[in-house]
Amino acid sequence: MSRKESTSAKKKKENSSDRRSFLQKSTLAAMAAFLGADIVHAASMPKGYIPVMLPADFNPLEGKSKEMIVRNEKPWNIEPPAHLLNDAITPVSSIFIRNNGLIPEDIEVSKWTLTVGGESVVKEKTYTLAELKSKFKSYSYQLVIECGGNGRAGFYPQASGNQWEEGAVYCSQWTGVRLKDVLADVGIKSDAVYIGYYGADKHLNGDPNKVVISRGVPIAKAMEDESLLAFQLNGKDIPLTHGYPLRLVCGGWPASVSGKWLNKLVVRNKVHDGEKMMGDSYRVPKYPVAPGQEVPDEDMKIIESMPVKSMITYPKTGAMFGKDKKLTVQGHAWAGDLEVKEMQVTTDFGATWKTCTLKKPTNRLAWQQWSIDLTFPQAGYYEIWAKATDSKGISQTMVMPGWNPKGYLNNACHRIAVKVS
Ligand SMILES: Nc1nc2c(c(=O)[nH]1)N[C@H]1C(S)=C(S)[C@@H](COP(=O)(O)O)O[C@H]1N2
Ligand SMILES: [Mo]
């Protein structure tokens, strides 16, 4: 408990100073991200000035909400507060950004190609974007993309990495061709077990030969209908920061398997061993460990389907309203490859739970909307905690779930505070 109090106190302080400096700070961070270098004399740069190396119509936040919280400037990582995620289909303005390296520059779409190779293809093949679009049928799905480290801020002892709170997750609509159709066209051998991706982003140190991140999924996940090579997000070209012009998207698994700026896929006859597939990266202990404990490498396993989780997106924490007034609480719930079968809230710290109305997902791997009407007969301070249960009967924990070295998979109940007067 004391840890949670200190985190929220810290957060409050950060937020008030962040709000004021946000535009300036995030604009500069965005410019640096696109330039691939810090602007040394940024302090003397005139307000509203667009650096010569950036296009005149450069819009640093690409339509992002001014309420986004900056977690890191280099690489550029930002997340929305929970209330910005209230829509069933997340608008680009509220989508978190997680980059491990530098956003690629000078993308020439007409020259963009995707090469599919690796030891388990019959023969390597290269497609232009136009070929991909014309040769294969397009499909659209709403997919939950959640960073494996979403909720990391809730772990104690603190795990290193972006201190994400609740916002490193979204469910938007992706349009593209099915990965399985492309793999069938290339021809894969019977020994294929895994696919791996490569993207056009550059390493933070600028070394063009260093791979930023190259992860992947087992063949079975790659072959699912919903695994796409996507070129549209919410019906428009994917914004540059989210992987323009081509992105691998595999919903329900840690977002790190959804490779942005995709230009190469490899079909492997063993588990893909690309950058950030080994060590502590996106891997968790095979058994529960004590917080802070070191875990031998052979006892770590790769994160696959994400665990059951939910969030409260309305009202926002701190909301005030009148006694006996009806409050409709809303949010989403998701469960990796599974469906959510029940959604509950408590206002008495878990002594009693109320069952919410829960919608079916629009398609497999989309998040589900839930809501519940609450009334508070007595004035005062309340907390609302939300808990989802998946189709296998597994529920979210109320306290910190299994600690792990990099702080992945925190699916503890989301809670908000409200005041009734
Ligand atoms: N090429 C490339 N793909 C990437 C990454 C990256 O750094 N480079 N980051 C991954 C991680 S860790 C996450 S959480 C998601 C973030 O996707 P978003 O920025 O669209 O929210 O992209 C994934 N795909
Ligand atoms: Mo991530």
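The values are calculated or read from the model by the stated rules, or taken from the named source; none is laboratory data. On a predicted model such as this, the values are computed, not experimentally measured, just so you know. Ideal geometry is used to build each Cβ from the backbone, glycine not excepted, and the neighbour counts take in all protein chains shown. The accessibility values were calculated without ligands, DNA or RNA, using every heavy atom of the protein model including side chains. Shrake-Rupley method; radii C 1.70, N 1.55, O 1.52, S 1.80 Å.
Dipole orientation for the chain: of the candidates Thr355, Leu132, Asn162, Thr355 has the Cα lying most toward the positive pole (charges on Cβ; Lys, Arg +1; Asp, Glu -1). Among 203-211, 409-417, 231-239, the peptide with the highest mean count of other Cβ atoms within 10 Å heads the list, and the full ranking is 409-417, 231-239, 203-211.
Farthest towards the positive end of the charge dipole of region 222-268, among the residues Gly235, Ser258, Ala222, is the Cα of Ser258, using unit charges on the Cβ of Lys, Arg, Asp and Glu.
Charge dipole (Cα centre; +1 on Lys/Arg Cβ, -1 on Asp/Glu Cβ; no other charges) of the chain amounts to roughly 780 debye.
Of interest is the spacing of the C-alpha centroids, which for region 208-273 and region 336-358 amounts to 32 Å. Among the listed pairs Lys135/Lys392; Lys221/Lys286; Lys66/Lys111, those with a Cα-Cα distance over 31 Å are Lys135/Lys392; Lys66/Lys111.
What the Cα convex hull of region 109-302 gives, in volume per residue, is 134 Å³. Working note: Cα atoms of the chain, range along each principal axis, descending, whole Å: 69, 57, 44. Our note on the geometry: Cα centres of region 148-202 and region 402-421, 22 Å apart.
Over the residues of the chain, the helix contribution to mean residue ellipticity at 222 nm works out to -4000 deg cm²/dmol, using -39500 (n - 2.57) for each DSSP H run of at least 4. Karplus-derived 3J(HN,Hα) values for region 135-147, using 6.51 cos²θ - 1.76 cosθ + 1.60 with θ = phi - 60°, are 7, 10, 6, 9, 9, 10, 9, 8, 10, 7, 10, 10, 4 Hz; glycine and proline are entered as x.
Take the residue pairs Lys64/Lys309; Lys133/Lys210; Lys137/Lys264; Lys180/Lys260 and return only those whose Cα atoms are more than 27 Å apart. Table pairs above 27 Å Cα-Cα are Lys133/Lys210.
Available extension along the chain between Asp324 and Asp273 is 12.6 nm, counting 0.36 nm per residue and deducting the alpha carbon span.
By a 1.4 Å probe calculation restricted to protein chains, Ser134 has an accessible surface near 100 Å², given to the nearest 10.
For helix 2-35, report the angle its Cα long axis makes with the longest principal axis of the Cα atoms of the chain; keep it between 0 and 90° and round to the nearest 10°. The angle comes out at about 40 degrees. Modelled this way, with points 7 Å down the Cα-to-C-beta line, the labels at Ile39 and Lys341 are 5.5 nm from one another. Amide H to amide H distances under 5 Å link Leu374 with Leu327, Thr328, Val329, where only residues 5 or more positions off or on other chains count and H is placed in the peptide plane. Per residue, the Cα convex hull of region 309-420 amounts to 108 Å³. Radius of gyration over Kirkwood radius for region 370-421, both on Cα atoms: the Rg/Rh ratio is 1.09. Rounded to the nearest 20, the size of the Cβ-charge dipole of region 156-297 about its Cα centre is 300 debye, with Lys and Arg at +1 and Asp and Glu at -1.
Counting only Cβ charges, +1 for Lys and Arg and -1 for Asp and Glu, the dipole size of region 309-420 around its Cα centre is about 180 debye.
Placing pseudo-labels 7 Å out from each Cα toward the beta carbon at Thr128 and Val295 gives an inter-label distance of 4.7 nm. In summary, the aspartates and glutamates within cross-link reach of Lys236, defined as a Cα separation below 17 angstrom excluding same-chain residues under 8 places away, comprise Glu62.
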